[in-house]
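Quick notes on the structure that follows.
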């Protein structure tokens, strides 16, 4: 539980987010899940929903329409079908 | 021999042609930059997708492997997707892709295989209809949308998946133009189905104990069609960048040729004008001497 989580959010057209974060919440097909640094290897498909990125006190939220998440030793990668930041 | 007025008109018309080719050259250069960026931006997704699938495929082998990955085990019915541009004025861009595809199609036919064709882009349809009209399944036009994006690749991928699932085809190949540099585009044939897995991409993490949600097979089932779309999108984006590169080079050539022609014509025109003035002077002098 030390350090930060390497996270990248990639859409087919471009890379939307890449960087070090504290926590990521994502909507898996079998339920929402959160990923912290040092998470065990894990793979799931995503349903439509919201991804939340926690970075210190800041939060960023992204709308995704389905996709795929891959957690491995190097960090978390989300391949989103479509993604856009929620600005509110 | 053309009169002076005719020559003036000729020079004028070459000049306006040059203006057009020059403008098209600049437009292509601007669009090239954008589509190159687009192609580069799309690369991370395709790469991650490929490595994820490679990891998954390493775990799922044998009889339970999805058919999009393993194939039908047959090699009789081939589907060839030929992707070119919608527009011309780009040198041999579309023709080169079609030539490569044609070689492949002819060799398949010669070997007694069944061939079906999907044409992407108006240029590809125009040429393929003439040669293989009975084998053409469907054509897609890219200019239905303003930009090439997921919405262009999706319907193509869906049709391919549908044809594969319904047993109309065993092997799917995609022909497009690989973007090497602005002046070099290489016509390439890539196999889409069964999916080609590069062993080198299966990293060590493949051996790590993964937790899957839902099962590995189910993830692969959803991922493989998506990978199809991604590969087609990548090819379309490369095609687009290549098209503008090729168009830029072709228009640059045309502009230069027009310049050369204008110089040659102007020289001819000036000579002729000078000759006429000289003749007139001789006439006047001869007339004056006669008095």
* Where does the Debye-calculated log10 I(q)/I(0) of chain B sit at q = 0.14 Å⁻¹, using only Cα point scatterers of equal weight, no solvent? -> -1.04
* **Ratio Rg/Rh [Cα only; Rh per Kirkwood] for region B:224-291** => 1.69
* Structure fact -> Shielding of B:251-263 by other chains, given as the mean Cβ count within 10 Å, works out to 0
* Structure fact -> Summing -39500 (n - 2.57) over every DSSP H run of at least 4 residues in chain B and dividing by its residue count gives a helix-only mean residue ellipticity at 222 nm, to the nearest 500 deg cm²/dmol, of -22500 deg cm²/dmol
* **Segments A:24-33, A:74-83, B:77-86 sorted - mean Cβ within 10 Å per residue, highest first** => B:77-86, A:74-83, A:24-33
* Asked: In the P(r) worked out for chain A, what percent of Cα pairs fall beyond 18 Å?
  -> 35
* Asked: Taking chain B as a Gaussian network, Cα atoms linked when under 10 Å apart, which of B:21, B:139, B:222 shows the biggest mean-square fluctuation?
  -> B:222
* **the protein assembly as shown: projected area of the alpha-carbon convex hull, averaged over directions, in nm²** => 28.5
* Percent RCO, i.e. relative contact order, over region B:49-246, from Cα pairs under 8 Å lying at least 6 residues apart -> 34
* Using alpha-carbon positions, what is the distance between the centroids of region B:1-28 and region A:36-80, in Å? -> 59
* To do: Just tell me how shielded A:70-79 is by partners: mean number of partner chain Cβ atoms within 10 Å of each residue's Cβ, no decimals.
  => 4
* Packing rank of A:53-62, B:113-122, where each peptide gets the mean count of other beta carbons within 10 Å, highest leading -> B:113-122, A:53-62
* Asked: Taking Cα centroids, how far is region B:159-187 from region B:228-291 in Å?
  -> 40
* To do: Would you mind putting B:45-52, B:177-184 in packing order, based on average other-beta-carbon counts within 10 Å, highest first?
  => B:45-52, B:177-184
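Every number in this text was worked out from the coordinates using simple rules, so none of it is lab data. All figures in this text were calculated on a predicted structure; none of them were measured in a lab. No Cβ is skipped: glycine too gets one built from the backbone with ideal geometry, and neighbour counts run over all protein chains shown.
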